[in-house]
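K.L.:
A single structure is presented below for examination.
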Protein chains: 2
Amino acid sequence: MTAEQRILDAALKVFASEGYTGATTRRIAEEANVAEVTLFRKFQSKENLLREVLLQNRDAFSTLENLFQIKEDLDLETDLHILGKNIAKVMKDKKNDGKRHMFMFMLFEEGRRRPEVAEILSSFIQMNITRLSEYFELQIKNGKMRNINPRSAALTFVSYFVYTSLLRGVFGDSFLGDSDEEIERFIDIFTKGILKVEDMKTR
Amino acid sequence: MTAEQRILDAALKVFASEGYTGATTRRIAEEANVAEVTLFRKFQSKENLLREVLLQNRDAFSTLENLFQIKEDLDLETDLHILGKNIAKVMKDKKNDGKRHMFMFMLFEEGRRRPEVAEILSSFIQMNITRLSEYFELQIKNGKMRNINPRSAALTFVSYFVYTSLLRGVFGDSFLGDSDEEIERFIDIFTKGILKVEDMKTR
DNA sequence: ATCGGAAGTAAGTAATTACTTACATATGAA
DNA sequence: TTCATATGTAAGTAATTACTTACTTCCGAT
């Protein structure tokens, strides 16, 4: 692996665990096994390094796209199970020992100060919500789903995954129970609601 | 207002917007309209100041308890509407121009480095989820809710509010639509699910 | 009027940090 | 070999930051 790539990986990792302000170029260089001066020769400044990590991972995140390519022949519930488990998997493992979702949360913090960061993050979130919305819209047209606002459904769906992965990242996996079981329970609620059928009034 | 309290308020505000590492004692003192040395005389160190802010706001947050005191005579959906809107209100306004939820997110970051912070945060989250769980358990016993895992229901419920308030905090209120309308749509999904009634298989 | 405590002013210290400069070494292509 | 390029070592700079010390001012209670 090239020095450049090692620095980018190290930066992702250190930014994720220390935050942008908390991460020092020394620590990043150390983690990448390069001299600190090499980092500056290749990336000029810490700010620019963040930008490069962002660009590289914007594409990496976009492979989430694949997760949204759901076969239409399966039923909605099965689709969501597969999708949910894939999202959880992508957020967790990958390289950088699952630091990627922690990197994302660091972006939330940093986004409030750097408009460029906010913009990239926002476009990424919008993209995913929109893609999911379109899927729901299709399901509604196919008569497989109630006629509800598809964006609200998408927002509800991703809320769960973002929040649980935040909790797991901060407090460890023991904080919540087994991931797969939890997801199944969530999808049960998401698809069927918490009410008893006979109590549902307006549908 | 005493100098001590002004410093605590200022600290909450600056910690929330700059993060713990990013916040400087100078900025906090400035925001509180006191000399920097006064801050140190009263709180000894920045770390200790964070601890004090935390302690004070742990109690303030706990007034969320009131939001969970739901009258049993109303029906579940009405309860949730009221609860949801109250949560949204508490997260937003209050004093410190709605910085309080941003302070909470800063705690998530800081919690990964400081076990004491993680513990306070974790106990706060657990407390709220437990309280909500108990409410759901009661509703299940009263036959008003399907027999689902109450903790999962609680987790699903709070996920939505935490995530949307994070999005509003970072990207502004325009990122999502009107808060009340959004909440209504969420509760519709949460209570009734997205599926059509006739498609629900196992209940 | 005076005395004590809370607050301010001013200056400084030691550490850290992003970033630079100057020079040396290694390596692979010509 | 030679030479360009990539990388390392070492030292330093200017700014920032948490925190301290010494002295002064303000103010309410006695």
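The values are calculated or read from the model by the stated rules, or taken from the named source; none is laboratory data. What you see is a predicted model, and the numbers here were worked out from it, not measured in a lab. So basically every Cβ, Gly included, is an ideal-geometry build from the backbone, and we count neighbours across all protein chains shown. Accessible surface areas use protein heavy atoms only, side chains included; no ligands, DNA or RNA. Shrake-Rupley method; radii C 1.70, N 1.55, O 1.52, S 1.80 Å.
K.L.:
What are the membrane-span-like helices in chain A by this rule: whole DSSP H runs, Cα extent along the axis at least 30 Å, mean Kyte-Doolittle hydropathy at least 0.5? Write down the numbers at each step before the final one.
P.N.:
Numbers: long enough: A:115-141 (37 Å, 0.15); A:150-171 (32 Å, 0.85).
Flagged H segments are A:150-171.
K.L.:
For chain B, report the accessible area per residue in Å² (1.4 Å probe, heavy atoms, rounded to an integer).
P.N.:
Numbers: 8870 Å² over 203 residues.
Heavy-atom accessible area per residue stands at 44 Å².
K.L.:
Express the Stokes-Einstein translational diffusion coefficient of the range B:110-203 in µm² s⁻¹, to the nearest whole number, given a Kirkwood radius over alpha-carbon pairs, 10 °C and a viscosity of 1.306 mPa s. Present the calculation step by step, with values, prior to reporting the outcome.
P.N.:
Working: Rh = 15.6 Å.
Value of D from the Cα-based Kirkwood radius: 102 µm²/s.
K.L.:
Another question, then. If you rank A:24, A:38 by how much accessible surface each has, with a 1.4 Å probe, what is the order from largest down?
P.N.:
Numbers: A:24 65, A:38 30 Å².
Descending order: A:24, A:38.
K.L.:
Here's something else I'd like to know. Could you work out the Kirkwood radius for the protein assembly as shown, taking every pair of different alpha carbons, averaging 1/r and inverting it, reported in Å?
P.N.:
Numbers: mean 1/r = 0.0442 Å⁻¹.
Kirkwood radius, the protein assembly as shown: 22.6 Å.
K.L.:
Within a 10 angstrom radius of each residue's Cβ in B:146-155, how many Cβ atoms of other chains show up on average? Whole number is fine. Write down the numbers at each step before the final one.
P.N.:
Values: counts 9, 1, 6, 8, 1, 4, 12, 5, 0, 10.
Per-residue shielding by partner chains comes out at 6.
K.L.:
Next question, about the same structure. Spin-label point model (7 Å from Cα, Cβ direction): what's the residue A:3 to residue B:47 distance in nm?
P.N.:
A separation of 3.6 nm, rounded to one decimal place.
K.L.:
Ignoring everything except DSSP H segments at least 4 long, calculate the 222 nm mean residue ellipticity for chain A; use -39,500 (n - 2.57) per segment, divide by total residues, nearest 500. Before the final figure, lay out each step's value.
P.N.:
Working: 10 runs with 149 residues, N = 203.
Using -39500 (n - 2.57) per qualifying helix, the result is -24000 deg cm²/dmol.
K.L.:
Please sort by residue number the GluC sites (Glu not before Pro) in the range A:1-58 whose DSSP state is loop and whose Cβ has at most 13 other Cβ atoms within 10 Å. Walk me through the intermediate numbers first.
P.N.:
Details: sites: A:4, A:18, A:30, A:31, A:36, A:47, A:52; in loops: none.
Of the GluC sites (Glu not before Pro), not one in the loops of the range A:1-58 has a Cβ with at most 13 other Cβ atoms within 10 Å.
K.L.:
Taking all protein chains in place and a 1.4 Å probe, what share, in percent, of the accessible surface of the protein assembly as shown do carbon and sulfur account for? Kindly include the intermediate steps, with their values, before the conclusion.
P.N.:
Values: 8670 of 17750 Å².
Answer for the protein assembly as shown is 49 percent, counting heavy atoms of protein chains only.
K.L.:
Can you give the accessible area buried between chains B and A, summed over both chains, with a 1.4 Å probe, in Å² to the nearest 100? The partial results should precede the final answer.
P.N.:
On the way: alone 11740 and 11760 Å², together 17750 Å².
The contact between A and B buries close to 5700 Å².
K.L.:
Still on this structure, please answer the following. Given just the C-alpha atoms of chain A, how large is their convex hull per residue in cubic angstrom?
P.N.:
135 Å³
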